[in-house]
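Input: a single structure, listed below in structure tokens.
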Amino acid sequence: MDKKNIALVMGGFSGEHDISIASGNQVYGQLDHHKYNVYKIVVEREGWYWVDGEEHHPVDRGNFTIQAITQSGNQTIHFDLAFIIIHGNPGENGVMQGYFDMLGIKYTTCGFYTSSLTFHKGFCNPVVKSFGIVKVANSILLNEEPKNTSFFNLTLPVFVKPAAGGSSVATTKVKTIEQLLPAIREAFTEDHAVLVEECIVGREFDCGVFRKADGEKLVFPITEIIPKGGHEFFDYEAKYQGFSNEVTPAEVDERISKHIQEVSSKLYDFLGCKGIVRFDFIHDMKADELYFLEVNTIPGQSAESIVPKQAKAMGISPAELYEMSIQAAFA
């Protein structure tokens with residue numbers, strides 16, 4: 001039986017580029033290379049290339065192929081599957097999915113429509129709110145940088161974040177009106193739209209969900225994110241530089257844990273998700289209300305990432321998780 005050719009697509013155009021490379025290298029080390037021919041494909045604005053040891057070879061973007069030198073000579077490599085591990089643009093916003101759809105290449109993530117909707121918080125939040133299964137914080141969507149604060153009608157503090165972005169890049173917790181416009185300006189450096197969102201005080205929980213090839217849905221044990229070292233929320237440093245405690249399974253009342261899992265499971269279906277997805281929430285402990293934060297349709301898979309830890313708590317190794325992801329995509 002011929003080995004399948006897998007393109008492990010990483011990199012991207014956003015501030016999450018380096019995190020994507022770390023995730024991609026982690027996945028590469030866990031895939032079964034006896035079963036698959038795995039090629040690291042890096043996507044950058046300057047060009048797309050296949051990483052072959054220390055050498056970089058260009059990718060033909062017209063048909064997503066590469067040229068490899070084999071014992072029988074120069075060979076064109078066509079891919080059976082794209083394992084997309086680009087966080088942010090263009091992997092998590094539907095752009096790569098649309099490209100692969102046109103080429104007829106299967107991939108491991110949500111489809112084009114779900115990816116594009118869920119990546120834009122300003123568009124996704126009203127849709128999630130309409131389901132009536134979880135609360136969503138009040139917010140303002142800005143499509144251009146305001147000249148003053150006359151638009152502002154929320155209660156401080158607020159979070160200012162790119163409407164389409166991840167890893168808390170260019171995200172600021174704003175406590176005073178004087179901090180608002182500089183925070184908005186910073187967020188606009190990362191995206192063309194910015195979300196200003198009321199801060200919900202509570203405990204942050206994440207829950208991964210995945211549907212296997214046979215249709216069985218796995219809802220992972222939830223994780224609580226506890227920032228430390230002066231970090232008031234789960235910002236970039238807290239995520240990737242050790243300034244947080246991530247407790248899996250979360251030490252919380254079982255009623256709350258089950259509720260978060262049930263909401264995550266429903267959102268996975270309501271939003272038409274595929275592949276490995278993570279949902280983030282804030283639970284207002286005083287009001288006993290759960291608030292939706294965001295959907296991560298390509299969650300991190302680096303050594304520090306949350307979903308692999310959740311899978312491990314469920315008895316699933318990273319190698320098993322990625323094999324299941326590939327089989328689900330082929331199915």
Among DSSP beta bridges lying fully in the chain, give the percent that are antiparallel, nearest 5.
75 percent
Check each of the GluC sites (Glu not before Pro) in the range 1-61 and keep only those in coil by DSSP with at most 11 other C-beta atoms within 10 angstrom; list them in order.
E46, E54
Heavy atoms of R211: accessible area, 1.4 Å probe, square angstrom to 10
80 Å²
Taking a probe of 1.4 Å, how large is the accessible area per residue of the chain, in Å²?
45 Å²
Checking rank on 142-151, 58-67, with mean other Cβ inside 10 Å and highest first, the result is 58-67, 142-151
For the chain, the accessible surface attributable to carbon and sulfur atoms (probe 1.4 angstrom, ligands and nucleic acids excluded) amounts in percent to 49 percent
Provide the solvent-accessible area of Y291, counting protein heavy atoms only and rolling a 1.4 Å probe, rounded to the nearest 10 Å².
40 Å²
Measuring from its Cα centre, the chain shows a charge dipole (+1 at each Lys and Arg Cβ, -1 at each Asp and Glu Cβ) which, in debye to the nearest 20, is 540 debye
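The values are calculated or read from the model by the stated rules, or taken from the named source; none is laboratory data. Quick caveat: nothing in here was measured; it's all calculated off a predicted structure. In this analysis, Cβ positions are derived from the backbone assuming ideal geometry, glycine residues included, and neighbour counts consider all displayed protein chains. SASA here: full protein model, heavy atoms, side chains in, ligands and nucleic acids out. Shrake-Rupley method; radii C 1.70, N 1.55, O 1.52, S 1.80 Å.
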